[in-house]
Amino acid sequence: HRLFAHLPRADQRHWAEVYLKGLLHTAGKKSLRRMAAAVTPSPTASQSLQQFVNVSPWPWHPARAELARWVAEHTPVHAWTLAPVVIPKRGSLAAGVHQRFVPELGRTVNCQLALGAFLTTGLGDLSVDWQLYLPRDWTGNSRLREQARIPGATHYTSAAGLCLALLDRLARTTHRAPPIVIDPEGHMDAEALVEGLEERGHDWIVAVPDTLRLSLAPSREAAPTAPAPPLETVRTLVRRHAPLRTAVPSAAGQPRLGALPTVVPLPGGDRTCLLVGEWASPSLRPDRVWLTNLPPARHAQAAALITSRAAARAGAAETELGLHDFSGRSYTGWHRHATLVSAASAHRKLGHDTCPYTQQRTAP
């Protein structure tokens, strides 16, 4: 009721509740017909749900902002995690569908690319906002725009730009931001992300590619007039200093971390940062390399957040609750569906004990 109080009509608020219950209580694929059958005896409910999510003109940003506030009120937030989520699709008519190489799979897939903003808590990552990446082929084609109901004010933006826009919206809901954690997973420009985070004054931890060029931070014993070390790629630095110079303590069963103080060249001036390698196996090459601007006094916090990311998969709960199951083609419909999926995920993790409907459905 709190998340959808901004909806002007009682029937919209009713179908928001039915849709949310359907996501929570439908086993398997969350099609509109299956969700309607799971929670209501009405024979026309699936058509009403389709109308609500695809046609009814309600804004999703107020619900998402309220969701972010609701989550923060119910559990401590340790970080904001921004992450890409690949949604495989059949056909070419759903908004933003394109052929994309997915490094994790090692192949090109037909998919949508969503960028999600998650509040990282002791109960896991809870999504609170989304962007849907639209390639230039979509934003520059009037036929595709009309077909997918893409708003006129929506223009091409890089995946990194969409990610930073998510961050800006999230920052407007709170007075103080926790550390920002981003793993581009090959879908976003890590250098653009680091520059954008620095411009905004955030504390950040970003997974970086092997090709990023950095230099070693000067040692304390180095003379002030000593020339700056040359720029080298992350690949070279890790190879020459592997295992990295400083071992970061980690608990049994967790990835081993090694760190190296580095200097990052940025438009506003060089920035001293920490390069952190993450090894989940005994290989010489780390599984992932992170860069953080957190100061030395907070390196233990950075290590804890990096370790938690190794065990988490942003968007996993949302996938289980039907993020991938939206069969509509419209940009607006996708965003409304994603908003309801995020609400369902937050309810499952934080609101279970307070909802009489859920207690009734799950009681033995």
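The values are calculated or read from the model by the stated rules, or taken from the named source; none is laboratory data. The structure displayed is predicted, hence computed values, not measured ones. Cβ placement follows ideal geometry from the backbone for every residue including glycine, while neighbour counts extend to all protein chains displayed. Heavy atoms of the whole protein, side chains included, go into the accessibility calculation; ligands, DNA and RNA do not. Shrake-Rupley method; radii C 1.70, N 1.55, O 1.52, S 1.80 Å.
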Task: Test: Gly28 is free of Cβ contacts under 8 Å to residues at least 40 places away in the same chain and within 24 Å of the chain's Cα centre (by Cα) - done: yes
- [ ] Would you mention how many residues in segment 33-65 are more than 30 Å from Asp168 (Cα to Cα) and open to solvent by 40 Å² or more (accessible area, probe 1.4 Å)?
- [x] 10
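Can you tell me which residues in segment 1-19 are open to solvent by less than 40 Å² (accessible area, probe 1.4 Å) and in contact with a Leu (Cβ under 8 Å, 6 or more places away or on another chain)?
Result: Leu3, Ala16, Val18, Tyr19.
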TODO: Note down all Cβ pairs under 6 Å where the first residue falls in segment 310-325 and is under 20 Å from Lys89 (Cβ atoms) and modelled with pLDDT under 95, the second is open to solvent by less than 50 Å² (accessible area, probe 1.4 Å) and of a type in the set (Phe, Trp, Tyr), and they're at least six residues apart or on different chains.
DONE: Ala314/Phe118
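Just to check your reading of the model, which residue among Val97, Val102, Val109 is at negative phi and touching a residue at least 24 places away in the same chain (Cβ under 8 Å)? Even if it seems obvious, please write down each step before you answer.
Working: Val97 fails: touching a residue at least 24 places away in the same chain (Cβ under 8 Å); Val109 fails: touching a residue at least 24 places away in the same chain (Cβ under 8 Å).
That would be Val102, the only listed residue that is at negative phi and touching a residue at least 24 places away in the same chain (Cβ under 8 Å).
Given the criterion at positive phi, of a type in the set (D, E, K, R) and more than 16 Å from the chain's Cα centre (by Cα), identify the matching residue among Arg149, Arg90. Show your work before the answer.
Numbers: Arg90 fails: at positive phi.
Sole residue among the options that is at positive phi, of a type in the set (D, E, K, R) and more than 16 Å from the chain's Cα centre (by Cα): Arg149.
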- [ ] Looking at (1) at pLDDT below 95; (2) among the aromatic types (Phe, Trp, Tyr); (3) buried (at least 20 other Cβ atoms within 10 Å of the Cβ), find the lone condition where Trp290 falls short.
- [x] (1)
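For segment 116-227, list the helices (runs of 4 or more DSSP H) that sit wholly inside it and hold at least 3 residues that are open to solvent by 30 Å² or more (accessible area, probe 1.4 Å), out of contact with any Ser or Thr (no Cβ under 6 Å at 6 or more places or on another chain) and of a type in the set (Asp, Glu); which are they?
Details: elements: 136-139, 142-147, 159-171, 190-200.
Fully inside segment 116-227 and qualifying: 190-200.
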